[in-house]
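*Asks:* There's a structure below that I have some questions on.
Bear in mind these aren't lab numbers, they're just calculated from the coordinates by the rules spelled out. These numbers were taken from a predicted model, which means no experiment stands behind them. So basically every Cβ, Gly included, is an ideal-geometry build from the backbone, and we count neighbours across all protein chains shown.
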């Protein structure tokens with residue numbers, strides 16, 4: 001985690017929240033949940049989340065520009081997960097609503113492994129595919145353990 005990221009939890013209205021503050025960035029307030037709500041995505045914010053919490057978000061219906069996606073910051077949630085860092089690393093390769101994420105990651109893993117075993121794949125490509133496959137393989141058991 002970056003030095004400039006600070007976090008704490010607070011209680012309000014019978015709910016628990018995780019507050020993430022970072023220098024020169026907006027403060028984000030995540031409602032801590034026990035289950036992943038329908039329609040939510042893993043918000044891949046990398047090292048900007050404390051260990052043990054997986055950030056979740058809903059996407060905005062509108063896009064800021066062609067090909068882009070934007071999150072709705074009023075919908076932020078976080079779920080406790082021992083494998084949050086592994087899931088975030090794998091989320092670099094696959095984006096999907098959480099209910100579809102395991103199957104999409106399994107498909108991405110199969111594709112990466114198939115290309116790794118292909119004689120026509122260049123050695124430099126094989127190195128990045130090996131990293132991708134390893135990260136997805138490490139994340140899958142943690143994803144499967146989360147409740148929807």
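Yes/no matrix, rows are residues, columns are (1) surrounded by 11 or more Cβ atoms within 10 Å (Cβ to Cβ); (2) out of contact with any helix residue (DSSP H, G or I) (no Cβ under 6 Å at 6 or more places or on another chain):
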| position | (1), (2) |
| --- | --- |
| 6 | yes, yes |
| 9 | yes, yes |
| 13 | no, yes |
| 16 | yes, yes |
| 26 | no, yes |
| 40 | yes, no |
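*Asks:* Here are some residues: 113, 138. Which one is more than 18 Å from residue 46 (Cα to Cα) and assigned to a helix (DSSP H, G or I)?
*Replies:* Being more than 18 Å from residue 46 (Cα to Cα) and assigned to a helix (DSSP H, G or I) holds for just one of 113, 138, which is 113.
*Asks:* Quick one: would you say residue 78 is surrounded by 11 or more Cβ atoms within 10 Å (Cβ to Cβ), touching a helix residue (DSSP H, G or I) at 6+ places or on another chain (Cβ under 7 Å) and closer than 30 Å to residue 133 by Cβ?
*Replies:* It is false that residue 78 is surrounded by 11 or more Cβ atoms within 10 Å (Cβ to Cβ), touching a helix residue (DSSP H, G or I) at 6+ places or on another chain (Cβ under 7 Å) and closer than 30 Å to residue 133 by Cβ.
This table checks each residue for (1) over 24 Å from residue 16 (Cα atoms); (2) within 10 Å of the chain's Cα centre (by Cα).
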position: 45; (1), (2): no, yes
position: 54; (1), (2): no, yes
position: 57; (1), (2): no, yes
position: 76; (1), (2): no, no
position: 81; (1), (2): no, no
position: 91; (1), (2): yes, yes
position: 94; (1), (2): yes, yes
position: 98; (1), (2): no, yes
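*Asks:* For residues that are touching a residue at least 40 places away in the same chain (Cβ under 8 Å) and closer than 22 Å to residue 105 by Cα, tally how many sit in segment 50-78.
*Replies:* 5
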